[in-house]
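Step one of this worksheet: look at the structure below.
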Amino acid sequence: MRLEDPKILADLAALGVDHRRAVALSELTSLGIGGTSDLLRITRHDSLPALVSLLAANGIPYKFLGGGSNLLVADGDLPWVVLQLAAPDPNIVLEGNLAHVDAAADLGRTVTFCAKHDLGGMEGLIGVPGTVGGALRMNAGAYGMQIGTYVREVKVYRAAARNIETLRGHQISFEYRHTSFAPDDTMLAVTLELPSKSYKEILQGIRICNEKRRSSQPLGQKSAGCIFKNPPGASAGRMIDELGMKNLRVGDARVSDRHANFFVNSGRASAKDMLALISNVRERVHQAYGVALENEVIVWNA
Ligand code: EPU
């Protein structure tokens, strides 16, 4: 959606919002897929309630973008504007074993920054692309750990009440790729409480996870990580692989030949191609195993 009304543009500027016109979301997503929309970059958390009120008062729908690494965005001219937090500098402040991190901070950089200050625990997340806010919302995890374990406090914008609240860790439930946040809650900042470990020891853990990831996942290719959640007690990747669907394609959307739960954009795949591939695979897994795979990737339909 394009914003043209000079009054709205002036109000946005007054809120410190950086308005970027006709941005290709394919440039902002790791899948390299997505149509065009205006992008509103938020430089001050406290402007968010007023920004959302402004959009609501003018009937402008919006969606919140994190790092774009677990997201499949529809093609074409999109019927909403996209909001994104701009990361402040610095975006991580340490205080003993606590790390106060802005939601827009890069997850990998956060893991290595904390490691350099002898704070560990998050080694498994090292190769996971995206922001800390996105990781929190989905309770990102890998190699036996999940970010939720370390959450002490979260500052969140609650769209339902249009206010900013700070929640304590025990008020939030973190489950496998799921949290108790409302769908329209937006993560703004988090305080993590991390165990002390020597940099050397953390680095060793990081190296092992990197090696495992490199040997089993298509890291150099455009993907959104795993497409489906693992059903209880089973592996979506193994099921898809066992059905011989590696390399299955619709246009340039393709099941990775390295890890069958990664679907890659091997050229100029559209959202339509990727959605068709997802639905083919889901259908065949359902027929063969009677299991209805649930998306892990977030889909923004137009
Ligand atoms: N497998 C196959 N063929 C494949 C892929 C996997 O046979 O094409 C087998 C593996 O050999 C292994 C089993 O399936 O025996 C599980 O595979 P893997 O260890 O790769 O783990 P996964 O369950 O497929 C999960 C997470 C990943 C995370 C890894 C490592 C989900 C949906 N996926 O994958 O997370 O990186 O464990 O901890 O939970 C993501 O969330 O986007 C993601 C990639």
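No lab work stands behind these numbers, since they all come straight from the coordinates. As the structure is a prediction and not an experimental result, all values here were calculated from the model. All Cβ positions, even for glycine, are placed from backbone atoms using ideal geometry, and neighbour counts span all protein chains on display.
Taking 0.36 nm per residue of sequence separation and subtracting the Cα-Cα distance, how much length would be gained by fully extending the chain between E4 and H19, in nm to one decimal?
Residue separation times 0.36 nm, minus the Cα-Cα distance, leaves 4.3 nm.
Can you list residues from other chains, or at least 5 along the same chain, whose modelled amide H is less than 5 Å from the amide H of A159?
Those qualifying (amide H under 5 Å, at least 5 residues apart or on another chain) are D185, T186.
How many lysine pairs are close in the chain, with Cα atoms under 30 Å apart and the two 8 or more places apart or on different chains?
22
In whole angstrom, note down how far apart the Cα centers of the stretch 12-71 and the stretch 157-234 are.
22 Å
What dipole magnitude, in Debye to the nearest 20, does the chain give about its Cα centre under +1 on Lys/Arg Cβ and -1 on Asp/Glu Cβ?
600 debye
Please give, to one decimal in nm, the separation of the simple spin-label points placed at H117 and K246, each 7 Å out from Cα toward the Cβ.
4.2 nm
How would you rank R109, R254, going from fewest to most other Cβ atoms within 10 Å of each one's own Cβ?
Going from sparsest to densest Cβ surroundings: R109, R254.
Using the Karplus curve 6.51 cos²θ - 1.76 cosθ + 1.60 with θ = phi - 60°, what ³J(HN,Hα) values do you get for each residue of the stretch 108-113, in whole Hz, with x for Gly and Pro?
Karplus-based 3J(HN,Hα) across the stretch 108-113 equals x, 5, 5, 4, 6, 4 Hz.
Between K229 and R207, what is 0.36 nm times their sequence separation minus the Cα-Cα distance? Round to one decimal in nm.
Answer, rounded to one decimal: 5.4 nm.
How would you rank V297, V264, V132, V291, going from fewest to most other Cβ atoms within 10 Å of each one's own Cβ?
With the sparsest Cβ surroundings first, the list reads V291, V297, V264, V132.
Along the charge dipole of the chain, pointing to its positive end and built from +1/-1 on Cβ of Lys, Arg, Asp and Glu, which listed residue (L119, G205, N139) has its Cα farthest out?
G205
Roughly how many nanometres apart are two label points built 7 Å out from the Cα toward the Cβ at N301 and K272?
Simple spin-label model gives 1.6 nm for this pair.
Using the crude model of +1 on Lys and Arg Cβ and -1 on Asp and Glu Cβ, and no other charge, please compute the dipole size for the stretch 25-178 relative to its Cα centre, in debye to 20.
Computed about the Cα centre, the dipole is about 320 debye.
Points 7 angstrom from Cα along the Cβ direction at R177 and I164: gap in nanometres?
3.2 nm
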